[in-house]
Structures are given as C-alpha cells and as structure tokens.
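Accompanying notes for the structure given below.
The values are calculated or read from the model by the stated rules, or taken from the named source; none is laboratory data. All values reported here derive from a predicted model rather than from experimental measurement. As a convention, Cβ positions derive from the backbone with ideal geometry for all residues, glycine included, and neighbour counts pool all protein chains shown. Note: accessible area is taken over every heavy atom of the protein model, side chains too, but ligands, DNA and RNA are not part of it. Shrake-Rupley method; radii C 1.70, N 1.55, O 1.52, S 1.80 Å.
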Amino acid sequence: MRRSIATVVLTSLLVFGLSSTSLSPRARAQRKTEKTQSTAPASLASQRGVDTITSAQLKDYLSFIASDEMEGRDTPSRGLDTTAKFLAMNLSRWGLKPAGDDGSYLQKIGLSRDLVDKAATRVQLNDQTLEFGTDYIPTARPADLPAMQLVFAGNGWLIKSKNIDAYKGIDAKGKIAVIFGPANGYPTGVRSSDLSGRRGEDWMNAAEYAQKQGVAGMVIVPDFQYLANWDRNRTRVTERGYIKVDKFQLPAGAQIPQVFLSLRVAEFLFQDERQTAQSIFESIYAGTTPQPFALNAGKKLSITVKVKSDQTTTQNVVGVFEGSDPVLKNEYVALGAHYDHVGMGIPLNGDAIYNGADDDGSGTTALLAMAEALAKARVRPKRSVLFVWHAGEEKGLWGSRYFTNYPTLPLAKIVTQINIDMIGRSKKEGDTNPRNHELSGPNEIYVIGSRMMSTELGDLVASVNKQYLNITYDYRYDDPADPNRFFFRSDHYNYARKGIPIVFFFDGEHEDYHKPGDSVDKIDFQKMENVTRTVYLTLWEVANRPTRPAVDKRLPLQVIQERSPN
C-alpha cells in the first residue's frame with residue numbers, strides 16, 4: 001500500500017511540473033526529453049495539450065453530434081452512421097491510427113431486424129382465436145406450439161435467498177407457463193444484491209428457469225409500464241421490429257416463444273382457478289409471490305408466430321494514438337463513450353427528436369476533444385491511447401460487449417478503461433425539481449469503480465484531480481449494490497468483467513434523461529471543459545506510469561455473474 005501511494009505522489013509531481021530534484025534518473029531523463037520537445041516555456045500540462053480542450057471547442061462538436069439532423073442517433077440509424085463518419089473523419093485528420101476492421105476506423109456489428117408477420121401469427125385459447133395486438137402481443141421469436149396445458153409459475157424466477165421458486169411442486173415440462181412480471185428487469189421486491197450464490201444454481205431469471213424446467217412457451221401478464229405502452233409495443237413488433245446482434249444470439253431452439261397477454265384475456269384465462277388474475281396481479285406487485293399451480297386441464301393454448309427478418313449493420317468507432325515508448329506503446333489506456341442515444345419517439349411539447357446532448361453526446365464530444373489534444377500536444381504519452389466510441393449502449397451495452405468479446409487488439413494489453421457517460425449537465429442553484437435531486441453541481445461529478453479492482457488506480461484518479469482543478473468527486477454510487485445499478489448500466493462494465501480496471505465519470509440522472517429535452521442549450525460547457533481536462537490528465541498519468549495499475553481486488557461475485565436480468 002505505501003509503495004502504491006508513493007508511486008501515485010511521484011507521478012502527480014510529473015504531471016504538474018513540480019521540482020525534479022527528488023526524481024529518479026529515469027524520470028529526470030524523461031523530463032529533459034519533454035522539455036527539449038517543447039518550443040516555448042510551458043507547464044508540463046500545457047505541453048501535453050490540455051489547453052486545447054475548451055468549452056467553445058466542445059460546444060462546436062456537440063452542436064453537430066446532438067443536432068436534430070442526427071435524429072437522436074438510434075442504433076441502427078442514418079444519424080448514428082453520420083456521426084460515426086464524423087468521428088472517423090476527425091481521427092483521420094489528426095493522424096490517429098484506424099483500429100477497426102480492414103484498416104478502417106469502423107468495427108462492423110452484424111444485426112438482424114425481426115418483424116412479426118401479423119397475417120401468419122395466431123394464438124388460440126381452446127377454440128377461441130385471440131385478436132393480435134388487442135388480446136396479445138408476441139415477441140419476434142418463431143413458434144409453432146400445438147394446443148398445450150398451462151401452469152401458473154409466479155414471476156418465473158428462482159431466487160433461493162428470497163425463497164422464490166416459480167415451479168416448486170409443479171411439472172411444467174412440455175407445457176406453457178403463465179407468469180406475471182416486468183418485460184425487462186427484476187421482479188418487484190428483488191434487487192441485484194439478492195442474487196447471491198451461483199447463477200444457474202442459486203438464482204435464474206424467468207427465461208433461464210423456464211428452459212431448465214423444459215417449458216415449451218411462456219405467456220406473460222406484463223407490468224404497468226408495458227401495459228401503459230401497449231400500442232407502442234404493438235407497433236414495434238409489426239413495423240419497427242426487434243433489432244438484435246447476430247453474434248449474441250442463442251441457437252434457435254434455446255429461445256422459448258413468449259406472448260404478452262392483455263389483462264382482459266388474463267382474467268378470462270384464470271376464471272374458475274384457485275386465484276383470479278386480478279388477485280395474482282395485485283399480489284405480485286405488492287411483493288408477494290403466490291404459490292404455483294396447474295391450470296384446469298381443459299384449458300389449452302396454441303401459439304403460432306411467423307417472423308420475417310432482414311439484415312443490417314451498425315459500428316463501433318475505434319482509433320489509436322500511438323505512444324512514444326518502444327515497449328510501452330504496445331499497451332493501451334482505453335477511453336470509451338457511447339455515441340448512440342434513443343432516436344425518435346413520442347413527441348413531448350411538439351418535439352419527437354431525443355437528441356441525447358448529455359447522454360452521451362457529452363462523453364462522445366469529450367473523447368473527440370481529447371483525441372485532438374493528443375494530436376496537438378508537444379509530447380507523446382509513453383503508452384498508446386485507445387479510443388472506442390460504442391454503439392448500442394442504449395440497447396443493452398451492445399458496442400462494449402461486442403468489442404470486448406471480439407476485440408480488434410489484445411484486451412490483455414489494455415491497462416485501464418476510462419468511461420465517460422454524461423458529464424454535461426449540472427444542478428442549478430435553487431433547483432427544487434425532484435427529478436434533478438441527484439444531479440451533480442457545476443463543480444462536481446460522480447466517480448464510480450475507480451477502486452473496485454485497483455487501489456492504485458483509485459489513488460491515482462483522486463490525486464490527479466486534487467493537484468489540478470480539484471473538482472468535487474462524489475463516490476456515493478461507487479457500489480455494485482447501489483439500487484440505481486449505475487455500475488452495471490454503462491460500457492465500462494463489460495471491460496471490468498474482462499479483468500480490466502475501470503473508472504466511470506457520470507453527472508447523474510436529471511429531468512431530461514431519455515427525453516427530447518436533453519438538448520445542447522442545457523449543457524454546462526464550463527463543467528464539461530473541467531471534467532474533460534481532468535480526465536485527459538488522468539489518462540496521461542496512467543499512460544506514463546512505468547507499470548500498469550495493479551489489480552489487487554477481486555470483483556464482487558454479482559459483477560462477474562451479471563448479465564441482462566432477462
């Protein structure tokens with residue numbers, strides 16, 4: 001520990017141009033080299049290009065990236081593709097090496113768009129044909145299930161720590177399971193910290209447990225959120241389609257067909273049963289799980305779903321600024337941000353474009369500014385700097401999962417990953433809006449994960465900030481058990497799962513999160529400048545250390561096992 005802290009202090013002296021009398025011969029030689037590379041007297045921070053990062057520059061880039069013409073940068077979309085070309089163009093101008101596919105800056109990600117064929121899809125309860133889009137909405141998974149018996153299986157989950165066993169005492173093999181629960185996420189009353197033990201043994205989500213039980217199909221009575229967006233969900237399956245990453249898909253036989261039922265049909269289905277649909281619904285969302293049971297044998301459901309698919313692509317944007325040290329340049333400090341947002345949606349006050357200026361136009365722009373600063377700096381860092389703009393973060397961390405599963409350079413050579421996701425908003429004095437309650441102020445930012453794997457990295461991150469602008473670093477969300485689950489909700493998570501120490505910078509959720517109001521005019525560009533400059537000098541410190549930050553802590557078990565809960 002002492003040795004690590006001493007190293008942090010020493011490297012901080014290197015950043016800020018303090019006296020070199022106590023430096024090692026090697027450090028003094030590096031200082032001499034850097035001074036000779038400078039054409040005019042300047043602090044070491046200035047030599048490294050930090051002064052090129054300005055609020056005016058950030059505003060110029062963000063005004064393009066979060067403009068209406070980018071149409072909210074959905075994955076995939078024309079606006080996202082245009083943004084990718086803009087990023088790649090600038091990387092080429094500044095001399096960064098392409099690190100995508102085939103000598104380009106783009107790492108292509110194959111996608112499929114699945115649409116339900118409404119005319120060829122049919123669900124029947126006994127001899128009654130249900131009405132598509134009114135009585136039920138299917139997921140875009142092919143199905144051809146003959147009339148089968150049904151079982152009620154609570155919320156569908158197995159969670160031993162909560163005494164939840166959806167199939168306890170019933171035989172569900174070859175039957176259709178009826179469950180009540182959210183379309184995505186955890187059941188009511190369940191948090192990530194409840195998922196203790198081993199996944200697949202001590203806990204399983206609804207899809208996993210159904211598959212283990214041999215369930216043929218799932219009928220879901222959804223939560224309030226899904227029901228409130230029923231029309232939008234219906235449109236999605238028949239017009240917009242389900243987008244999926246081809247390489248992430250399980251074999252076709254491993255995906256259980258799913259159909260969402262309206263409350264009206266659910267009430268009819270549970271007539272003359274042990275409990276009504278209404279009583280089950282109320283129990284489930286009050287946090288009480290009713291016991292499973294088989295429905296009357298005379299009730300049978302058949303499901304036929306036909307799906308039409310087409311192929312498309314999206315892309316990560318990847319570039320490398322090569323380091324100066326002949327050995328250390330083969331290692332990388334990785335910088336990441338997601339450049340997608342949620343596209344266009346339901347109009348609010350006449351605006352249907354969800355620009356995503358803060359989320360994560362701010363991080364996207366910060367990375368662009370740091371790439372330009374490196375290109376214009378008088379000296380080069382020893383290690384190389386890897387820039388990855390991730391696509392599809394809003395779809396479930398697609399881009400970072402893809403890059404870490406199919407990297408374009410060796411992951412073992414990445415010494416640290418720094419993730420920036422939302423750094424442009426600040427809470428104004430006198431703001432009493434409860435939706436801005438947790439928004440950070442003009443001179444503060446949330447820091448997550450810096451000490452989760454590496455004490456050394458955490459000390460370095462704090463030290464650089466203290467010696468430079470001394471922004472207030474708030475660590476309140478630096479905990480995998482945080483009920484907001486921020487650690488799991490951005491791209492650094494996939495790097496951490498691969499054993500790479502990470503740090504995540506985040507300004508907090510606000511009133512315009514995932515809304516059209518997340519626009520450029522509400523960005524605090526002075527805060528953006530301060531955070532971007534501080535992160536930039538942090539990457540320099542990591543890049544110039546003689547050794548990579550030591551990983552001295554094991555990741556919490558829920559981080560290692562965690563995937564999307566559904």
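Looking across segment 110-132 at every residue that is over 27 Å from Asp246 (Cα atoms) and not aliphatic (A, V, I, L, M), the one that is surrounded by the fewest Cβ atoms within 10 Å (Cβ to Cβ) is identified as Asp127.
The single condition among (1) part of a loop (DSSP other than H, G, I, E, B); (2) over 11 Å from the mean Cα position of the chain (by Cα); (3) in contact (Cβ under 8 Å) with a residue 12 or more places away in the chain; (4) over 13 Å from Thr404 (Cβ atoms) that Ser490 does not satisfy is (2).
Listed here are the residues, each with its yes/no results for (1) without any contact (Cβ under 8 Å) to a residue 12 or more places away in the chain; (2) within 30 Å of Thr314 (Cα to Cα).
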| position | (1), (2) |
| --- | --- |
| Gly103 | yes, yes |
| Glu131 | yes, no |
| Ile137 | no, yes |
| Pro142 | no, yes |
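Among the residues of segment 499-516, the one identified as of a type in the set (D, E, K, R) and surrounded by fewer than 17 Cβ atoms within 10 Å (Cβ to Cβ) is Glu511. Pairs needed: first member in segment 306-331, part of a loop (DSSP other than H, G, I, E, B); second member anywhere, open to solvent by 70 Å² or more (accessible area, probe 1.4 Å) and of a type in the set (Lys, Arg); C-beta distance under 8 Å; at least 6 residues apart or different chains. Every condition considered, the pairs that remain are Glu322/Lys97; Glu322/Arg380; Gly323/Arg380; Ser324/Arg380; Glu331/Lys413; Glu331/Arg548. Across segment 143-173, the qualifying residues are those that are open to solvent by 30 Å² or more (accessible area, probe 1.4 Å) and in contact with a strand residue (DSSP E or B) (Cβ under 7 Å, 6 or more places away or on another chain), and the one among them that is farthest from Leu269 (Cα to Cα) is Lys160.
Evaluating Pro442 against the criteria (1) open to solvent by less than 30 Å² (accessible area, probe 1.4 Å); (2) over 18 Å from the mean Cα position of the chain (by Cα) leaves one unmet condition, (1).
Residues in segment 88-109 that are under 20 Å from the mean Cα position of the chain (by Cα) and open to solvent by less than 60 Å² (accessible area, probe 1.4 Å): Leu106, Gln107, Ile109. In segment 217-239, of all residues being exposed (fewer than 14 other Cβ atoms within 10 Å of the Cβ) and touching a residue at least 40 places away in the same chain (Cβ under 8 Å), the one that is farthest from Ile280 (Cα to Cα) corresponds to Glu239.
Based on this model, can you work out whether Val265 counts as within 21 Å of Asp127 (Cα to Cα) and either in a loop (DSSP other than H, G, I, E, B) or in contact (Cβ under 8 Å) with a residue 12 or more places away in the chain (or both)?
The answer is yes for Val265.
In this structure, is Ile414 β-branched (Val, Ile, Thr) and within 22 Å of Arg485 (Cβ to Cβ)? When the stated conditions are applied, Ile414 does not pass them. Could you tell me which residue of segment 374-398 is farthest from Leu91 (Cα to Cα), considering only residues that are in contact with a Ser or Thr (Cβ under 8 Å, 6 or more places away or on another chain) and part of a helix (DSSP H, G or I)? Restricting to residues being in contact with a Ser or Thr (Cβ under 8 Å, 6 or more places away or on another chain) and part of a helix (DSSP H, G or I), the top hit is Lys395.
Scan segment 349-366 for residues that are surrounded by fewer than 24 Cβ atoms within 10 Å (Cβ to Cβ) and touching a strand residue (DSSP E or B) at 6+ places or on another chain (Cβ under 8 Å) and jot them down. Within segment 349-366, Ala352, Ile353 meet the criteria.
Given the criterion open to solvent by less than 20 Å² (accessible area, probe 1.4 Å) and touching a Ser or Thr at 6+ places or on another chain (Cβ under 6 Å), identify the matching residue among Ala371, Ala337. Steps first, please.
Values: Ala371 fails: touching a Ser or Thr at 6+ places or on another chain (Cβ under 6 Å).
Criteria check complete, one pass: Ala337.
Quick check on Asp74: is it of a type outside the set (S, T, N, Q), farther than 30 Å from Asn544 by Cα and outside any helix (DSSP H, G or I)? Criteria met by Asp74. Any residue in segment 283-295 that is open to solvent by less than 30 Å² (accessible area, probe 1.4 Å), in a strand (DSSP E or B) and under 30 Å from Pro142 (Cβ atoms)? Yes; the residues of segment 283-295 include at least one that is open to solvent by less than 30 Å² (accessible area, probe 1.4 Å), in a strand (DSSP E or B) and under 30 Å from Pro142 (Cβ atoms). A count restricted to segment 548-566 and to residues that are assigned to a loop (DSSP other than H, G, I, E, B), modelled with pLDDT under 95 and of a type in the set (Val, Ile, Thr) stands at 0. Among the residues in segment 399-418, are any buried (at least 24 other Cβ atoms within 10 Å of the Cβ), in contact with a helix residue (DSSP H, G or I) (Cβ under 7 Å, 6 or more places away or on another chain) and assigned to a loop (DSSP other than H, G, I, E, B)? For segment 399-418, residues buried (at least 24 other Cβ atoms within 10 Å of the Cβ), in contact with a helix residue (DSSP H, G or I) (Cβ under 7 Å, 6 or more places away or on another chain) and assigned to a loop (DSSP other than H, G, I, E, B): absent. Scanning segment 428-439 for residues that are within 15 Å of Ile523 (Cα to Cα), touching a residue at least 24 places away in the same chain (Cβ under 8 Å) and assigned to a loop (DSSP other than H, G, I, E, B) yields one hit, Leu439.
Among the candidates Ala177, Ala210, the residue that is within 29 Å of the chain's Cα centre (by Cα), open to solvent by less than 30 Å² (accessible area, probe 1.4 Å) and aliphatic (A, V, I, L, M) is uniquely Ala210.
Which of the residues spanning segment 517-547 are open to solvent by 10 Å² or more (accessible area, probe 1.4 Å) and either polar (S, T, N, Q) or part of a loop (DSSP other than H, G, I, E, B) (or both)? Hits for segment 517-547 are Gly517, Ser519, Ile523, Asp524, Gln526, Asn530, Asn544, Pro546, Thr547.
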